[in-house]
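What follows is a short report on a single structure.
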Amino acid sequence: MSKTKDHNFSQEAVPPSAKKGAISLTFIMLSLTFFSASMWAGGKLGTGLTFSHFFFALFIGNLLLGIYSAILGYIGAKTGFSTHLLARFSFGRKGSWLPSLLLGGTQVGWFGVGLAMFAFPVSKATGINEYILIGVFGFLMTITVAFEGIKALLYLSIIAVPAIGILGCYSVWVAVNDVGGLHALMDITPSEPLPFATALTIVVGSFISAGTLTADFVRFGKRARHVFIITIISFLFGNSLMFIFGAAGAASVGQADISDVMIAQGLLIPAIIVLGLNIWTTNDNALYASGLGMANITGLSSKTMSMVNGIIGTLCAVWLYNNFVGWLTFLSTAIPPIGGVIIADYFMHKKRYQSLANGSKRKINWISLVAVAVGIICAKYLPGVVPINSVLGSAMSYIIMTLLARQLRLSRGRK
């Protein structure tokens, strides 16, 4: 496929003619952060935290997520490059295959999780076999993004964002009334309290993969500073709202699974329609991003790779859904160091990013790979919030090693 026909710009910067305004980007980012899996994660927090601890963890977690994602989004809008093309500058042309594989693979995972989250409650309501539903809707979601790309994300977002907001607010209202008012909901004490650090890790970990890929969506932005603001607001508002929707219902009925909550509240039919739209947009975001990642590795078009990834995500949907918590743990450890390295390299070598050719001069930057390993070690062994430790660990080690390597080259040159 020629570059002129690749409207996803998987192998080049987004040209000025394809840039979009703030309103379009806002809908795209809200649809990204209006993530049904965040309601599931919110259910976990709602049954494991007190009211005050829940909101504190939510604010801090989404603020950290927003800042991290906004910086990456700013870089994407400023350069016009996808996350995977940005990785070429810091990891090298072939070295960028590792970030693309990890990021693309996790998005395929989210696609499968979202598909199962939709199929299971629909199966309960209709009696249709869940595997048939997974197959049918996996196919429909795949062809949507494969043939329409960023346009499909925008059109679906305009419908899904207000719809999920209305349903979620109604679900919270039902939850508050069911437990006897807001004060009663605030007084609920969890039977198995969740450690605050774990709660914060869940908030950040539930979206750190998509957050690292923010540049894929907002590189179409006309103004980088607008992208920065839109991204932070989207996380503080959109993702927080999803957690609140999930937590309120879970706390009132004592179940973390959002589909079980909706059944208990008598909202199954509207939930099937509205959550279906919401999951559709989220899954298309995931498939779009995974296609860009695999296009970087294979050299094939992102549309082709999106279709391949859709098939893989559909086949693995049930397994991924049943191992969701383990998936979050993996994301919290392995993904953030990639973003840390990209951020550090951009602010150290801004001038390089004016041409993609500069990102293909080296095959592999071993310093980046070592920095990612350092970030993973920091996440595993340092106290605190796992994703934040990994971002800071990789970024700081990358800066230090790059400066040391530069000084070593200068010393050798003087000799």
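The values are calculated or read from the model by the stated rules, or taken from the named source; none is laboratory data. Bear in mind the structure is a predicted one, so any value in this text is a computation, not a measurement. With ideal geometry, Cβ positions are generated from the backbone for all residues, glycine too; neighbour counts draw on all protein chains shown.
Summary table
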item: Check on residue 28, assigned to a helix (DSSP H, G or I), in contact with a helix residue (DSSP H, G or I) (Cβ under 6 Å, 6 or more places away or on another chain), surrounded by fewer than 23 Cβ atoms within 10 Å (Cβ to Cβ) and not basic (Lys, Arg); result: no
item: Close pairs from the range 251-271: first closer than 26 Å to residue 183 by Cβ and modelled with pLDDT under 70, partner among the β-branched types (Val, Ile, Thr) and surrounded by fewer than 24 Cβ atoms within 10 Å (Cβ to Cβ), Cβ under 6 Å, at least 6 apart; result: 256/47
item: One residue from 21, 66 being within 20 Å of residue 155 (Cα to Cα) and either touching a Phe, Trp or Tyr at 6+ places or on another chain (Cβ under 7 Å) or surrounded by fewer than 18 Cβ atoms within 10 Å (Cβ to Cβ) (or both); result: 21
item: Lone qualifier among 92, 114, 105 - being on the phi > 0 side of the Ramachandran plot, out of contact with any Cys (no Cβ under 7 Å at 6 or more places or on another chain) and not charged (D, E, K, R); result: 92
item: Given (1) in a helix (DSSP H, G or I); (2) more than 21 Å from the chain's Cα centre (by Cα); (3) over 23 Å from residue 157 (Cβ atoms), number of the condition residue 59 does not satisfy; result: (2)
item: Subset of the range 216-257 (residues that are small (Gly, Ala, Ser) and either part of a helix (DSSP H, G or I) or within 14 Å of the chain's Cα centre (by Cα) (or both)); result: 224, 234, 238, 240, 246, 247, 248, 249, 250, 251, 252
item: Unmet criterion (only one of (1) modelled with pLDDT of 90 or more; (2) surrounded by fewer than 19 Cβ atoms within 10 Å (Cβ to Cβ)) for residue 79; result: (2)
item: Residue count for the range 366-392, restricted to those that are assigned to a loop (DSSP other than H, G, I, E, B), loosely packed, with under 15 Cβ neighbours inside 10 Å and not small (Gly, Ala, Ser); result: 2
item: Test set (1) surrounded by 13 or more Cβ atoms within 10 Å (Cβ to Cβ); (2) at pLDDT 90 or above; (3) not aliphatic (A, V, I, L, M) - residue 363 fails condition number; result: (1)
item: Subset of the range 170-186 that is free of Cβ contacts under 8 Å to residues at least 60 places away in the same chain and out of contact with any helix residue (DSSP H, G or I) (no Cβ under 6 Å at 6 or more places or on another chain) - its residue that is nearest to residue 277 (Cα to Cα); result: 173
item: Evaluation of residue 49 against (1) in a loop (DSSP other than H, G, I, E, B); (2) over 30 Å from residue 369 (Cβ atoms); (3) within 20 Å of the chain's Cα centre (by Cα) (one fails), failing number; result: (3)
item: Residue within the range 290-300 that is at pLDDT 85 or above, out of contact with any strand residue (DSSP E or B) (no Cβ under 7 Å at 6 or more places or on another chain) and outside any helix (DSSP H, G or I) present; result: yes
item: Meets criteria (modelled with pLDDT of 85 or more, over 30 Å from residue 184 (Cβ atoms) and surrounded by 24 or more Cβ atoms within 10 Å (Cβ to Cβ)) for residue 10; result: no
item: When residues of the range 192-215 are limited to those that are in contact (Cβ under 8 Å) with a residue 40 or more places away in the chain and assigned to a loop (DSSP other than H, G, I, E, B), the one farthest from residue 261 (Cα to Cα); result: 213
item: Qualifying positions in the range 164-204 - of a type in the set (Val, Ile, Thr) and under 22 Å from residue 238 (Cβ atoms); result: 164, 166, 172, 174, 176, 201, 202, 203, 204
item: Identity of the residue in the range 143-178, surrounded by 20 or more Cβ atoms within 10 Å (Cβ to Cβ) and polar (S, T, N, Q), that ends up modelled with the lowest pLDDT; result: 157
